[in-house]
Amino acid sequence: MEIGVLALQGDFLEHCQILQALDVSPRLVKLPRDLSGLKGLIIPGGESTTIGKLAVAFNMIEPLRLFGQTQAVWGTCAGAIFLSKDAKSDQPLLNLMDIEVERNAFGRQVDSFEIDLQAPFLDKGNHKPFHAVFIRAPIIKSVNGRAQNLLMLPDGRIVAARQDKLLATSFHPELTVDIRFHQFFLEMTKS
Amino acid sequence: MAEQVATFKVKKGLAQMLKGGVIMDVVTPEHAKIAEDAGAVAVMALERVPADIRAHGGVARMSDPELIIKIMETVSIPVMAKCRIGHFVEAQILESLGVDYIDESEVLTPADEAHHINKHDFKVPFVCGCRNLGEALRRIGEGAAMMRTKGEAGTGDVVEAVRHARSVYGAIRRLQNMPEEELMTFSKEIGAPYELVKETRALGRLPVVNFAAGGIATPADAGLMMQLGVDGVFVGSGIFKSGDPAKRANAIVKATTHYNDPEILGQVSRNLGEPMVGRQVTDIPEAELIATRGW
């Protein structure tokens with residue numbers, strides 16, 4: 001099974017390393033032709049404005065939209081913003097997920113943080129928390145339509161959402177050595 | 001575990017998010033907007049680009065906080081700012097402004113000729129310049145969460161950036177082929193902390209993200225540095241000292257993404273107008289070289 005990682009800009013190699021640890025061979029996606037035959041795509045962390053502009057410049061917006069209508073796509077941080085329908089900002093978006101996001105919702109870099117979150121859908125009953133790293137992170141202000149809230153901070157703010165085969169996380173599982181979120185996504189690609 | 005801020009993981013993490021991107025020097029909010037619109041991943045806010053610092057002479061210091069704040073208000077991407085080597089009070093001020101990264105930079109006039117800032121003391125992450133592996137690992141030992149090869153700033157001549165990147169990556173390749181018992185002597189020779197030498201050897205790369213800087217002026221220069229192995233590029237004078245900054249900035253962003261695709265590099269290199277005039281590094285008297293600042 002081949003999974004793509006959008007490699008326009010950002011920490012795509014960190015995602016590739018985890019996929020390789022799961023015996024999945026990742027394909028770097030930079031142009032529309034790179035999407036053919038893929039069973040899933042990860043949009044990495046990075047700068048969402050840069051990723052969006054490069055996607056426009058290399059005619060990737062429509063191919064990515066079409067891909068996301070039938071295949072699994074997971075966006076982390078900038079990727080989650082790019083997947084959304086609304087980011088309250090003038091920048092290119094894929095409009096795939098019915099979520100509203102707020103960029104840099106926690107403030108600037110000095111406010112970036114890490115925290116353990118309880119993630120019952122990952123822990124198979126052992127209550128092992130998922131260590132979540134937030135870097136100038138967005139939050140998901142609202143989930144609408146078919147999108148569902150998947151994970152919240154202790155204060156109730158939404159930091160992960162799912163809509164059928166689409167997944168958005170405002171933190172970076174690729175910056176940890178915990179492979180469970182990537183496993184969860186690989187299961188989604190098969191559904 | 002409760003929420004933890006300012007860990008080395010989140011400091012280093014922001015640099016990881018900038019990979020494959022271009023960080024541009026800007027001297028006004030208008031420049032910052034042009035850079036953001038062109039696809040920059042971050043901007044470096046300063047009063048004068050390195051080419052002008054060279055031309056003006058005198059003491060180059062931290063920029064006016066007013067300018068930095070205006071630039072922070074103008075763009076949504078991360079904003080970096082420079083302090084002088086060893087000037088930890090300039091760094092304290094920059095941290096209080098809320099900049100996203102501090103560049104403890106040889107481009108400004110050093111404030112301390114023997115010591116760099118203890119960067120572990122700060123919540124804000126730091127990027128520092130290096131010419132070789134020893135210098136890189138000393139800076140990381142002091143707490144730098146991102147590196148950049150120094151090149152020779154404000155020249156538009158890429159030769160020093162190439163020299164420094166080859167030096168860093170060549171040393172890592174040698175390190176990987178070295179038997180364990182040679183590591184301590186190697187650490188001593190390059191003046192680097194032993195633990196970081198061991199970590200670099202195990203990783204096969206620097207423990208933090210490493211960008212190229214100092215002399216990059218064209219999309220081809222960006223492609224060259226990326227193919228040599230850097231994670232992204234800083235462009236200082238190369239953009240706003242050129243004939244058509246918006247177009248050139250955008251072309252360098254595209255070249256950094258498609259650095260190994262000569263066809264795309266060819267397309268984005270067309271009709272960019274005049275590049276910055278540039279100054280050959282070999283013509284610069286030794287006393288005027290910037291990269292030698294740093295200890």
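No lab work stands behind these numbers, since they all come straight from the coordinates. Predicted, not measured: the structure shown is a model, and the values here were computed from it. When we count neighbours, we look across all protein chains shown, and the Cβ atoms used for this are built from the backbone with ideal geometry, even at glycine.
Assuming 0.36 nm per residue, please report the length gained on full extension of the stretch B:Glu73 to B:Glu288 beyond their Cα-Cα distance. Can you show the working numbers first?
Details: separation 215, 0.36 × 215 = 77.40 nm, distance 3.49 nm.
Working it through step by step, the gained length comes to 73.9 nm.
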- Which value, in debye to the nearest 20, describes the size of the charge dipole of the protein assembly as shown about its Cα centre when Lys and Arg Cβ atoms bear +1, Asp and Glu Cβ atoms bear -1, and nothing else is charged? 920
- Query: So what is the diffusion coefficient of the range B:222-281 in µm² per second by Stokes-Einstein at 37 °C and 0.692 mPa s, using a Kirkwood Rh over Cα pairs?
  - Reply: 275
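Suppose only helical runs count, i.e. DSSP H with n ≥ 4. What mean residue ellipticity at 222 nm does that imply for chain B under -39500 (n - 2.57) per run, divided by all residues and rounded to the nearest 500 deg cm²/dmol? Intermediate results must be reported in sequence, preceding the final value.
Details: 13 runs with 127 residues, N = 295.
-12500 deg cm²/dmol, from helical runs alone.
Determine, from the Cβ-Cβ distance of B:Asp37 and B:Asn260 and an R0 of 35 Å, the FRET efficiency 1/(1 + (r/R0)^6), rounded to the nearest 0.05.
Details: r = 26 Å, r/R0 = 0.73.
My answer for the efficiency is 0.85.
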- Note on the structure: Given the candidates B:Leu108, B:Trp295, B:Val253, the one whose Cα lies deepest towards the positive end of the charge dipole of chain B, counting +1 at each Lys or Arg C-beta and -1 at each Asp or Glu C-beta, is B:Val253
- Task: Take the alpha carbon atoms of the range B:140-206, find their center, do the same for the range A:118-158, and report the distance between the two centers in whole angstrom.
- Result: 39
- Message: Considering only C-alpha atoms, what is the centroid distance from the range B:46-96 to the range B:241-270, in Å?
- Response: 27
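Beyond 30 Å, what percent of the Cα pairs of the range A:2-190 remain?
Numbers: 1800 of 17766 pairs.
So the pairs more than 30 Å apart make up 10 percent of the total in the range A:2-190.
List every DSSP H helix in chain B whose Cα atoms extend 15 Å or more along the helix's own long axis and whose mean Kyte-Doolittle hydropathy is at least -1.0. The partial results should precede the final answer.
Details: long enough: B:8-18 (16 Å, 0.25); B:159-176 (26 Å, -0.24); B:245-257 (18 Å, -0.22).
Qualifying helices, which must be both long enough and hydrophobic enough, are B:8-18, B:159-176, B:245-257.
Would you please name the GluC sites (Glu not before Pro) within the range B:88-136 that are DSSP coil residues with at most 15 other C-beta atoms within 10 Å of their C-beta? Before the final figure, lay out the partial values.
Details: sites: B:Glu90, B:Glu95, B:Glu104, B:Glu106, B:Glu113, B:Glu135; in loops: B:Glu106, B:Glu113.
Hits after loop and neighbour filter: B:Glu113.
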- Around B:Val158 (Cβ within 11 Å, Cβ-to-Cβ, excluding B:Val158; K/R +1, D/E -1) the net charge comes to -3
- Note on the structure: Highest GNM mean-square fluctuation among A:Gly107, A:Gly75, A:Gly40, for chain A with Cα springs under 10 Å, belongs to A:Gly107
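Roughly speaking, what % of Cα-Cα pairs in the protein assembly as shown are separated by over 43 Å, rounded to a whole number?
12
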- Item | Contact order normalised by residue count of the range A:1-99, Cα under 8 Å, 6+ apart, percent | 27
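Just round it to a whole percent: the fraction of Cα-Cα distances in chain B exceeding 33 Å.
Counting every Cα pair in chain B, those more than 33 Å apart make up 17 percent.
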- Taking placed amide H atoms and a strict 5 Å upper bound, the residues 5 or more places from A:Arg27 or on another chain that come that close are A:Ile3, A:Gly4, A:Val5
- Taking the DSSP beta bridges in the range A:24-142 as the whole, what percent of them are antiparallel, to the nearest 5? 55
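Only counting other Cβ atoms within 10 Å, I'd like A:Cys16, B:Cys130, A:Cys77 sorted with the fewest neighbours first.
With the fewest neighbours first, A:Cys16, B:Cys130, A:Cys77 line up as A:Cys16, B:Cys130, A:Cys77.
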- Note on the structure: Which residues qualify? For A:Gln148, with a placed amide H closer than 5 Å and at least 5 residues away or on another chain, they are A:Arg162, A:Gln163
- For the charge dipole of the protein assembly as shown, defined by +1 on Lys and Arg C-beta atoms and -1 on Asp and Glu C-beta atoms about the Cα centroid, which residue among B:Ala161, B:Leu46, B:Met225 has the Cα displaced farthest towards the positive pole? B:Met225
- Message: I'd like to know which of A:Ile140, A:Ala57, A:Gln20 lies farthest towards the positive end of the charge dipole of chain A, counting +1 on Cβ of Lys and Arg and -1 on Cβ of Asp and Glu.
- Response: A:Ala57
- Answer in debye to the nearest 20: the dipole magnitude of the range B:121-208 about its Cα centre, from +1 Lys/Arg and -1 Asp/Glu charges placed on Cβ, is 220
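Which FRET efficiency value, to the nearest 0.05, do you get for A:Leu66 and A:Arg157 by plugging their Cβ-Cβ distance into 1/(1 + (r/R0)^6) with R0 = 45 Å? Spell out each step's value before the answer.
Values: r = 32 Å, r/R0 = 0.71.
Rounded to the nearest 0.05, the efficiency is 0.90.
If the chain between B:Glu274 and B:Asn177 were fully stretched, how many nm would it gain, using 0.36 nm times the residue separation less the Cα-Cα distance? Spell out each step's value before the answer.
On the way: separation 97, 0.36 × 97 = 34.92 nm, distance 4.44 nm.
Length difference between fully extended and current span is 30.5 nm.
Tell me, what is the percent relative contact order of the range A:2-190, built from C-alpha pairs under 8 Å that lie six or more residues apart? Display every interim value, and only then the final one.
On the way: 410 pairs, mean separation 36.9, N = 189.
Over the range A:2-190, the number comes to 20 percent.
Please find the FRET efficiency linking B:Asp64 to A:Ser89, where r is the Cβ-Cβ separation and R0 is fixed at 30 Å, and quote it to the nearest 0.05. Could you put the intermediate results ahead of the total?
Details: r = 28 Å, r/R0 = 0.93.
FRET efficiency, B:Asp64 to A:Ser89: 0.60.
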- Pair B:Glu113, B:Glu199: separation of 7 Å Cα→Cβ label points (nm): 3.2
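To the nearest µm²/s, what D does Stokes-Einstein give for the range A:121-191 at 37 °C and 0.692 mPa s, using the Kirkwood radius over alpha carbon pairs as Rh? If you can, show how the numbers build up before the last one.
Values: Rh = 13.0 Å.
Estimated diffusion coefficient is 253 µm²/s.
Counting other beta carbons within 10 Å of each residue's own, what order do B:Val79, B:Val230 fall into, fewest first?
Details: B:Val79 25, B:Val230 28.
Ordered from fewest to most neighbouring Cβ atoms within 10 Å, B:Val79, B:Val230 come out as B:Val79, B:Val230.
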- Sort B:His258, B:His56 so the one with the fewest other Cβ atoms within 10 Å of its own Cβ comes first. B:His56, B:His258
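Show me the trypsin sites (Lys or Arg not before Pro) within the range A:117-183 that DSSP assigns to loop and that have at most 12 other Cβ atoms within 10 Å of their Cβ.
Filter output for the range A:117-183: A:Lys124, A:Arg146.
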